[in-house]
1. Leaving out ligands, DNA and RNA, and with a 1.4 Å probe, what % of the accessible surface on the chain is carbon or sulfur?
2. How would S378, S71 rank on accessible area, largest to smallest, probe 1.4 Å?
3. Taking only the alpha-carbon atoms of the stretch 321-418, what semi-axes of the equivalent ellipsoid follow from 5 times the gyration tensor eigenvalues under a square root, in whole Å, largest first?
4. 7 Å from Cα along Cα→Cβ at both E269 and R414: what's the point-to-point distance in nm?
5. Using the heavy atoms of the protein chains and a 1.4 angstrom probe, tell me the accessible area per residue for the stretch 213-313 in square angstrom.
6. Strictly under 4.7 angstrom between C-beta atoms: which cysteines of the chain have no such partner?
7. Among the complete DSSP H segments of the chain, which ones combine at least 30 Å of alpha-carbon extent along their axis with a mean Kyte-Doolittle hydropathy of -0.5 or more?
8. Test of understanding: what is the full-extension gain from V221 to E396, defined as 0.36 nm times their sequence separation minus their Cα-Cα distance?
Amino acid sequence: GQVRYSVAEEAKAGTVVGRLAQDLGLEAGEAEARRLRLVAQGRRASVEVSGASGALLVSSRLDREELCGKSAPCALRLEVLLERPLRVFHVELEVTDINDNVPIFRVDEEALNIAESSVPGSRFPLEGASDADIGANAQLSYTLSPTEYFSLDHQGNNDQSASLGLILTKSLDRETIPVHRLVLTASDGGRPSLTGTMELVISVLDANDNAPQFNQSVYKVKALEGSELGTVLITLGATDPDEGINSDIIYLFSRHVSTKVKEMFAIDENTGEIRLQGKLDYEEMNSYEIPVEARDKGSPPLSGHCKVVLDVLDVNDNAPEVRVTSLSVPVPEDASLGTVVALLSVSDRDSGENGRVRCWVWPASPFGLEATFAGSYSLVLREALDRERVSEYEVEVRAEDGGAPALRASRGLRVPVSDVNDNAPAFAQAVYTVLARENNAAGAELARLWARDPDEAGNGRVSYSLWEGGVGGGGAAASSWSSWSGGVGGGWRAASSYVSVDAESGRLWALQPLDYEELQVLQFEVRAVDAGEPPLCGNATVQLFVLDENDNAPALLPPAGSAPEAGAVAAEAAAAAGSGSVSGTLWAWAAWGAPAGQVVAKIRAVDADSGYNAWLRYELWEPRGKGPFRVGLYSGEVSTARALDEADGPRQRLLIVVRDHGEPARSATATLSVSLVEAAEAALAAAAGSSSSLSRAALGVEIGPGAASAATNVWLVVAICAVSSLFLLAVVLYGASRW
């Protein structure tokens, strides 16, 4: 809506025009908190808004004539701005007139020449006074100082067609009174009335006693603004009943004509044609008053007077004007629909349809125009913004008037969009696979992780951290981002004990050397958090695979089926072999006469590495050449290379090397002492070996089937008998139960 106030001109500074804050529905103190203020409208309004009370006050001298001239009513359109949220109100302030201007004549003394032959009733035009006030304060009445020869004739109102004349009431006699001095007084209609005076000096002339006469006292003419120079506006004609030179008439502008009229128009003194010699502009002046005099060539010359009133017709020669009165940028990307971005004022100096303006915004989204008052618009948000898609908009407000042809104007606005934290950091991959060799140096870089956040400044600044849910001992509480570490004393250990991530660069580096035999796969999550408010985060899973290096030598194992004590002894031997030293001597028995290919013993070894590094091969190092024994290259079985005889001696000492396929290769050695005995002694040795697990474990080998064949046959017979007896017993019991 619109608030209207009225104030008299010349009101003192500080005069309260109206309780603006109260009329706008604001609470106490809200006007100051929301910065209630006037928006400048191009010309000084002489009023202001009190920040404390929210009242509209007179700030400086209010002169209605200076603000509005002769326009009535004198209404000032003000725009009041209110923030948080941004709103605009329109206030119309009417400045009422007081009688503060006296009637003013253009000159203080007017000289008139009147022939003595003038008959009573003759009329002589006078230039009236002007009053800057309006209404009753500008209604002028005229009085003449007492005289028996003249009276005043005031026809019409105070518009342009009003006419003031001096009427001769009694015949003049130049020889009696050659000069008449009269005082013309103009009084306005104010209360109290103000007056102005002008002295009339009337000289009585002799001879030529008939003045030229126009057929009209006022001529009204219309012309389009922008008409071509030289255009004939009107041709005037006057008549003079005299004869001869006293009837020859010339036309000229009256001496009362203004300088502006002389610049704009020219009159042909012989034909009475008034031509255009300046550019007509409706917006500058929409009417002209041209006083014209027709003068004869008598002696003295006599004159007739008329007035030409020219009305200028408007054409569409002014394009609309678009002004930005307020601009609120940048606009947050989460601004709600309907948010006011800018306030605009659109005007056209033309009138009628030529001054009726239509406005729109291009492009049509995401902003739109809303009309708030005549000639005032708000640029508002119509669609949601996304700074990551469009960070700045170039908006053009276009205006078009209703003329034919229509004129257009436009105003460009740059609307930047400010960022809010609406995008979480996102990794390029959901799962990163990282390969690292064991025995790496502490602090070695393993990988670089990078997360992208399309926001800007702090909202897009990303920091990285290792995200762990807890540390467990292998139970159900252990989480997927902790790792299982194998080997001695293995259990669940936190990923942060192995790796760390740089908060700024996302560089993933090792805290300690990695051991494949302890840890093969480490899975954990890395979190990326931005610096926005509130912060947003994104996660990525990292799978770290440890690659094996050949850092473990083969280790000898006890034979299958050995007792735990034997395993302990063999473990000591394996430890010695792992360090590259030669283990203790191992023992085995073989019978004389054993055929070629009979397995005497089997060397068992293991390598803690994996793959090619754990693939073992067995070599007979001593004795070299053609000995009675040989070793399987990959099985480790020690077998006879030929039939054994007494010439081979009672004992054979074999040095066996176990070597892996790593680069460089690592190895362990075992010494095997094979005793050559009779077949019966070999069987007894095998039986004794089965009852003494400790001594057998200490050997670290398995006795071959040739040395224990007799014992094996006995145990097979016993086993067959036992199974048969159990079967017969089961049949008997079943038959009895059925019987």
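The values are calculated or read from the model by the stated rules, or taken from the named source; none is laboratory data. In this text the structure is predicted, and so the values were computed from the model without any measurement. Ideal geometry is used to build each Cβ from the backbone, glycine not excepted, and the neighbour counts take in all protein chains shown. Accessible surface is based on the protein model in full, side chains and every heavy atom, while ligands, DNA and RNA are left aside. Shrake-Rupley method; radii C 1.70, N 1.55, O 1.52, S 1.80 Å.
1. 52 percent
2. Working: S378 5, S71 65 Å².
So, going from the largest accessible area down, we get S71, S378.
3. On the way: eigenvalues 151, 30, 21 Å².
Semi-axis lengths for the stretch 321-418 are 28, 12, 10 Å.
4. 6.3 nm
5. Ligands and nucleic acids excluded, the figure is 51 Å² per residue.
6. By the Cβ distance rule, which asks for a partner under 4.7 Å, the isolated cysteines are C306, C359, C537, C721.
7. Working: long enough: 709-738 (44 Å, 1.68).
What comes out of the filter, once short or polar helices are dropped, is 709-738.
8. Result: 58.7 nm gained on full extension.
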